[in-house]
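*Asks:* Have a look at the structure that comes next, please.
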Amino acid sequence: MALLKKQLTIIAGHYGSGKTEFSVNLAYSAAQQGQATRLVDLDIVNPYFRSYEKHELLEAAGVEVIVTSMHGTADIPALPPDVAKAFVDKDTYSIFDLGGDPEGVRVLGFYEPQIRAMDYDMWLVLNARRPETATLEKASAYCQAIEIMSKQKFTGIINNTHMINETSPEDILAGEELALELANKYGLPLLYTTVEERLLDIMKDKLHSPIFPVQRYMRKPWEIDV
């Protein structure tokens, strides 16, 4: 089954939700399935943890990678003209990896006319172990703030609940419960629950939502496995 359904898939989430990790995994997996894929790194808020860091891995898999801020070398919000490919190239599925929080999605305002003229998805990446999105009330407020600032509507939710190396099955299950509550409140589908490969065998019969296997690509040099 094809991972990407629409010409454009927009990924938004709180800082620490894992939206960038999910975006990289999504682009890589889609390309591995044979989908012509483009990842557009539109994070103009945090230049220090970006999907563009994995451009060599992605490009080797056949993913076209586009990045803001002068190819990621400048700490300025410069938008390259190549972003327009996402709106005119109907032969390639594009993924927009946005910056975290409402400020990070403000960039979509520049492209509002083009987005509204096309069939797109916008997915909320939810981490129930982040204090700012740990309850239905907080997650709902965050969801509304993102939609207001981006001028777009969410079409699906991704449960990406994790505690990095400390993630347990209980964390993932608690995240799925919250994600389902949020999905039901807004009439949205819970599209996937992400699960690291080390936990796949444990989680395969415990979840109600489809599993999206992920690897941790976005590691910093000082990180070690536990």
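*Asks:* Given (1) in contact (Cβ under 8 Å) with a residue 40 or more places away in the chain; (2) over 30 Å from GLN32 (Cβ atoms); (3) open to solvent by less than 60 Å² (accessible area, probe 1.4 Å), where does ALA78 come up short, assuming only one miss?
*Replies:* Condition not satisfied by ALA78: (1).
*Asks:* I need the full set of residues from region 1-13 which are under 19 Å from THR193 (Cβ atoms) and buried (at least 23 other Cβ atoms within 10 Å of the Cβ), in order please.
*Replies:* THR9, ILE11, ALA12, GLY13
*Asks:* Filtering region 107-132 down to residues that are among the β-branched types (Val, Ile, Thr) and in contact with a strand residue (DSSP E or B) (Cβ under 6 Å, 6 or more places away or on another chain), which residue is modelled with the highest pLDDT?
*Replies:* Across region 107-132, the extreme among qualifying residues is VAL125.
*Asks:* Moving on. Given the criteria buried (at least 17 other Cβ atoms within 10 Å of the Cβ) and under 24 Å from THR68 (Cα atoms), does ILE115 qualify?
*Replies:* yes
*Asks:* Mind checking which residues of region 25-62 are surrounded by 15 or more Cβ atoms within 10 Å (Cβ to Cβ), small (Gly, Ala, Ser) and part of a helix (DSSP H, G or I)?
*Replies:* ALA27, SER29, ALA30, ALA31, SER51
The values are calculated or read from the model by the stated rules, or taken from the named source; none is laboratory data. Everything numeric here is computed off the predicted structure, so don't read it as measured data. In this analysis, Cβ positions are derived from the backbone assuming ideal geometry, glycine residues included, and neighbour counts consider all displayed protein chains. Heavy atoms of the whole protein, side chains included, go into the accessibility calculation; ligands, DNA and RNA do not. Shrake-Rupley method; radii C 1.70, N 1.55, O 1.52, S 1.80 Å.
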